[in-house]
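> Once you've had a glance at the structure underneath, I'll fire off some questions.
Just so you know, all these numbers are worked out from the coordinates, no wet-lab data involved. Just so it is clear, the model here is predicted, and its values are computed rather than measured. Because the Cβ atoms are built from the backbone with ideal geometry, glycine has one as well, and the counts that use them run over all protein chains shown.
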Amino acid sequence: MTTLAGLAQNAAVFGNYLRPLSPDVMRPGDCQPGLGIWMLLVVGAVAALAGRSLAARLLWFPAALLALAVFRVPGLSDFFVAYFPRRLAEIASLPLDLRLMPVVAAFACVAGHIGLSCLPGERAWSQRAILAVVGLLAVWGMWEARKFVARGWTITTSRTQTAMFFRTENAVLDRYAYDLLPIPGYFSNGKTDGRLENRLLDAKRELLVGPDAVARRMEQAGAETLLLTTRIDPTAYAWLNIKPALILQPGEHRLLRFEFPDKIYHGYLILKSEHGYRDYIFPASGNVHAFGVGPDHSKVLSLWNSGETAETVNLMFQRIGTFGADSEFGDFGRVTLSHYDPMRSPVRIVSWIPYRAEVEMEKPGFLETPRVLLPGYVATVNGRPVKGQDSPQHLAMVPLASGRHIVELRFVGSTRLWTAWWLSAIAWAGLLGWSAWSKFQIPQLWQRQPGN
């Protein structure tokens with residue numbers, strides 16, 4: 001249904017595909033290849049119908065099929081899109097034109113090029129005419145494309161802002177990275193710390209150690225508990241300023257374990273400093289076990305400072321709705337702060353690629369890694385191969401006996417992946433070899449002679 005809705009949306013903007021781009025390139029349909037490539041698609045169609053080249057037909061046919069998912073042909077497009085293979089439908093998702101248009105353009109360019117090259121010699125004038133038209137349209141396309149370049153410059157952040165966004169304590173895994181994978185219940189739309197996303201399960205696959213248990217273990221070495229109070233921002237009543245602020249020294253790593261009272265939390269918890277920014281939507285920042293206020297949600301956040309100066313982290317809560325000057329919220333909750341020491345954690349990450357961790361198990365169970373289980377992962381425990389398993393959250397987990405272990409998870413690829421790799425390599429080698437042979441051989445050795 002999503003792909004069919006995307007197809008209907010494309011039909012509404014069909015006319016924009018054949019018009020000049022809007023000045024700010026914000027109009028639906030502005031993301032399109034341009035008239036030059038549409039012309040090559042037509043050339044490929046003529047060559048395919050003329051039947052002069054098998055290559056032109058083989059390339060234009062998939063271009064035509066994919067074009068049906070971009071341009072709505074009543075009845076035919078709906079039938080084709082409705083019966084997309086499931087994985088293709090997930091990749092296409094919406095909007096269809098943004099996902100499929102680059103592939104259509106690639107097929108159209110190559111099919112059009114082959115179509116031009118296979119025109120009969122006695123029609124050289126028509127080939128020149130088509131090349132002239134395509135060339136003029138290509139120049140027009142480049143002139144139009146300058147609008148994208150201009151818009152890119154206007155929305156590009158500065159190097160300083162970009163460096164801040166990609167500091168390790170700020171960078172967030174984009175949710176679209178998960179669109180084609182099973183999404184675990186721990187998934188959060190806010191920043192998470194991979195060092196806390198390694199969990200220990202018991203023999204029944206029930207949680208033994210997660211972020212909250214790790215935080216409590218760190219608190220045994222010393223902690224402080226703060227009462228978080230709120231005051232309405234006099235300039236915007238929906239905003240609550242939370243006190244006190246938190247101080248992070250250079251290189252410091254702290255865990256925050258929250259305790260929330262029985263209230264309605266509907267809005268965004270924001271943590272902001274000079275070089276840091278995070279937000280978490282409440283009551284749940286993601287799936288059922290993500291950071292949030294519910295009984296099944298994690299209550300732990302991990303904050304650290306990778307810079308060279310101290311950071312003052314201010315907490316704010318932006319409520320969703322309409323509020324007045326008298327809409328006080330009261331205490332936001334309590335937070336217990338502790339220092340994160342990887343040596344005290346039951347799971348210590350040694351490296352991420354390959355994944356290698358030192359694990360301390362009090363009783364037999366499983367290590368649940370943050371890696372989504374994919375074909376091609378191999379696991380070892382203390383250097384011995386073991387079979388990785390699918391956890392209840394569709395993550396790669398490894399069975400472990402009690403005691404201390406070194407676990408390694410390495411991606412080596414699957415038979416299907418390596419078969420595809422070799423087929424591609426052989427195809428490219430054959431193409432390059434044929435091209436070299438055709439270029440350097442004496443023509444008389446391979447051209448057909450009269451009477452032979």
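> Taking Cα centroids, how far is segment 133-163 from segment 165-241 in Å?
38
> Please work out whether segment 6-156 counts as rounded, prolate or oblate from its C-alpha gyration tensor, where a ≥ b ≥ c are the square roots of the eigenvalues and a/c under 1.5 means rounded, while otherwise a/b larger than b/c means prolate and anything else oblate? Don't skip to the answer; put the middle values down first.
Details: a/c = 2.32, a/b = 1.18, b/c = 1.96.
The shape class here is oblate.
> Given the C-alpha centroids of segment 339-415 and segment 268-333, what is the distance between them in whole angstrom?
So the two Cα centres are separated by 31 Å.
> Starting with the fewest neighbours, write out Trp125, Trp140, Trp239 ranked by other beta-carbon atoms found within 10 Å of each beta-carbon.
By the 10 Å Cβ count, ascending: Trp125, Trp140, Trp239.
> Now for a separate question. Just tell me which aspartates and glutamates come within less than 20 Å, Cα to Cα, of Lys191; anything on the same chain fewer than 8 places away is out.
Glu169, Asp174, Asp179, Asp212, Glu252, Glu259, Glu274, Asp279, Asp296, Glu311, Asp341, Glu368
> Among all helices in the chain defined by DSSP H, which have a length of 18 Å or more along the axis from Cα atoms plus a Kyte-Doolittle mean of at least -1.0? Walk me through the numbers on the way to the answer.
Numbers: long enough: 35-50 (22 Å, 2.48); 54-68 (21 Å, 1.84); 96-117 (31 Å, 1.47); 124-155 (47 Å, 0.69); 415-440 (37 Å, 0.50).
Counting only whole DSSP H runs, the qualifying helices are 35-50, 54-68, 96-117, 124-155, 415-440.
> Moving to a separate point now. Taking amide H atoms as placed 1.01 Å from N in the peptide plane, list the residues 5 or more away in sequence, or in a different chain, whose amide H sits under 5 Å from that of Thr192.
Result for Thr192 returns Leu173.
> Tell me which residues come under 5 Å, amide H to amide H, from Gly333 once H is placed; ignore anything under 5 positions away on its chain.
Here Leu228 satisfy the definition.
> Students often forget the sequence filter, so: which aspartates and glutamates lie under 13 Å Cα-Cα from Lys263 once same-chain residues fewer than 8 apart are removed?
Glu328, Asp331
> Tell me which residues come under 5 Å, amide H to amide H, from Tyr340 once H is placed; ignore anything under 5 positions away on its chain.
His253, Arg254, Leu255
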